[in-house]
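The values are calculated or read from the model by the stated rules, or taken from the named source; none is laboratory data. Since the structure is predicted, the reported quantities are computational estimates derived from the model, not experimental observations. Note that each Cβ is placed from the backbone with ideal geometry, even for glycine, and that neighbours are counted across all protein chains shown. Heavy atoms of the whole protein, side chains included, go into the accessibility calculation; ligands, DNA and RNA do not. Shrake-Rupley method; radii C 1.70, N 1.55, O 1.52, S 1.80 Å.
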Amino acid sequence: MKKNIRRSLEMFSVLIVILVLYGCSNIPVVSSMIPPDPTGTTKPTVDDYATDNIFVSIDKMPTLVPIAISDSVNVRISLPNVENLEAANIRIFEDNKEQGFVLRKESEERNKLDIAIILDVTGSMANAITGAKNSIIAFAEALEESGLDVRLGVVPYDDYVNPPSDIDVASPYLNLSEPDDVETYVNTLYAGNGGDTPENLYDGIMFAATAMNWRPYAQRSMIVITDAPSHYEGDGYSFTHFTKSEMLSELVGYVTVHGAFAPGYYYVSSATDFSAPGDPREICQRTSGIIKYTDSYGNVDLTDLGIVEYVTSSWIAAFESDSPEATHTIEVFYATDSTKRYAKFQNVSY
Amino acid sequence: MKRIILILLVIFLVSISFGFEISALGGMELSGKNRPYIGARIGTLSGGVSLMLEAYYPLSSFEDVQNVNVDQVRFLEIDPYLYLGLPISSTLIYVGVAPIVILDIANVDFALYSSELFHAKAGIRFGQGIVFFVEGLTTLTTSFETLGIYAVSAGLGIGL
């Protein structure tokens, strides 16, 4: 009798512990078994696939690989305007070898979305500030309609960050907040002066990356809005602190940087080479963010940048790496009866 | 925090009611990532059915054992094991299974690593008072297929 009571109590304890622990977390975990890699397959011909409207990045959200379990690589695949994605429509190659993978929709796994807006507040950006003021609530509502719990923050900058030097604002930046608070804050901003052509966007991005209260396991994005290139460390100005390569090692895999660039004296929408040290579009490209151009007046509508579609059409594909290479090339093929898209992500470290 | 207090309370009550073991352990994966690991366990391991709460922290190398900075440990693997033990004199032969749980220490957050995977182990414990044990573990699917990655552990502790 005593033994039976003891066993019942112990079983009850186990059940309590398991029930308390189960299903109450945002920690990235494996939702399903990763199938074995396909064998005897060949890679599709890349020329048959379009390379736009597909964004691929590696998700490095920190977690722990338990004992006696192999590690998985998490690839984020964003296919704007694709509502339902089946694993059968995707093929993933790591270093030319096709991978077995499991696919899960990111917004169903991580419904928290934190977005920092890095806003150039020099004189020529008046229209962008007005546009941000007018569209911030609609932008947040569009994201929340998808079931996302959205926080927005704002970092205004010119040659300086926190505070910008050319305008006088009571709060030098707004930490991640409810959308209504963001609208109130953006209404206090105005455009002023500017000085030389470049501004200190890189410091603004890194300030947001380090100073914002990013929520654990939230999807993390930034939107940079500017018409100017960025100052960078080594360009001869004392207020610059970062080079692009330093920033990329901190950002890639952890945050997606989208950009809205006002064309004019620096940005040309037909450009494809973003390697200049002060060109932030390479950061967008390497973090798999969207690169969009405003009209020539810098008018910005946040709902029109494609970010809502990007976020709501993101999936995580997890596969087990068996490549001995130090850095990897990931290729993703998306094919349906009517659409074929392809993305290649090179020099990837896990 | 409430979850942690509840779990600790359950463990404490079970432990003082039915027996007690607290041990430190170290081990090594024999394939997969081939990581060494350290850990600790506390619970009621004894003959018959018993429960142990076990914590594991994988390292990148054995040299890292000396360099573990507790303040920088962000995640732990916490496995609530259900054991079946067979006592033979002062020796206990046991097998156990546990779901794999990840603890985010900084954010006090738990997650079941997978609903399709669990750990299974077999071991032998020697002694009473001061106990010594060796055991082997692997990861099984819910279809009882192993992932093919094994690990061995050894540990020392106090057992009643």
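In summary, B:Phe75 fulfils each of the numbered conditions (1) more than 10 Å from chain A (Cβ to nearest Cβ); (2) modelled with pLDDT of 90 or more with the single exception of condition (1).
Restricting B:Ser46, B:Ser23, B:Ser17 to residues that are farther than 13 Å from B:Gly96 by Cα, of a type in the set (S, T, N, Q) and either touching a helix residue (DSSP H, G or I) at 6+ places or on another chain (Cβ under 6 Å) or at pLDDT below 90 (or both) narrows the list to B:Ser17. The set of residues in segment A:212-236 that are farther than 13 Å from A:Ile115 by Cα and surrounded by fewer than 20 Cβ atoms within 10 Å (Cβ to Cβ) comprises A:Pro216, A:Glu233, A:Gly234, A:Asp235, A:Gly236. Residues in segment A:132-160 that are of a type outside the set (A, V, I, L, M), open to solvent by 10 Å² or more (accessible area, probe 1.4 Å) and assigned to a helix (DSSP H, G or I): A:Lys133, A:Asn134, A:Glu141, A:Glu144.
Just one residue in the set B:Leu103, B:Leu6, B:Leu51 is more than 17 Å from the chain's Cα centre (by Cα), at the interface with chain A (Cβ under 10 Å from one of its Cβ atoms) and at pLDDT below 95; that residue is B:Leu6. Picking from residues in segment A:174-207 that are touching a Gly at 6+ places or on another chain (Cβ under 7 Å) and open to solvent by less than 60 Å² (accessible area, probe 1.4 Å), the one that is modelled with the lowest pLDDT is A:Gly194. Within segment A:52-91, being over 22 Å from A:Ala218 (Cβ atoms), open to solvent by 10 Å² or more (accessible area, probe 1.4 Å) and in a strand (DSSP E or B) holds for one residue alone: A:Arg91.
Residue by residue through segment A:92-102, note down the ones that are open to solvent by less than 50 Å² (accessible area, probe 1.4 Å) and part of a loop (DSSP other than H, G, I, E, B). Correct list: A:Asp95, A:Gln99, A:Gly100, A:Phe101. A Cβ distance below 6 Å, combined with a sequence gap of six or more or placement on separate chains, defines the contacts here; from segment B:127-152, residues that are facing another protein chain (nearest Cβ under 7 Å) reach residues that are part of a strand (DSSP E or B) and of a type in the set (Val, Ile, Thr) in the pairs B:Thr138/B:Thr146; B:Leu147/B:Thr139; B:Tyr150/B:Thr138.
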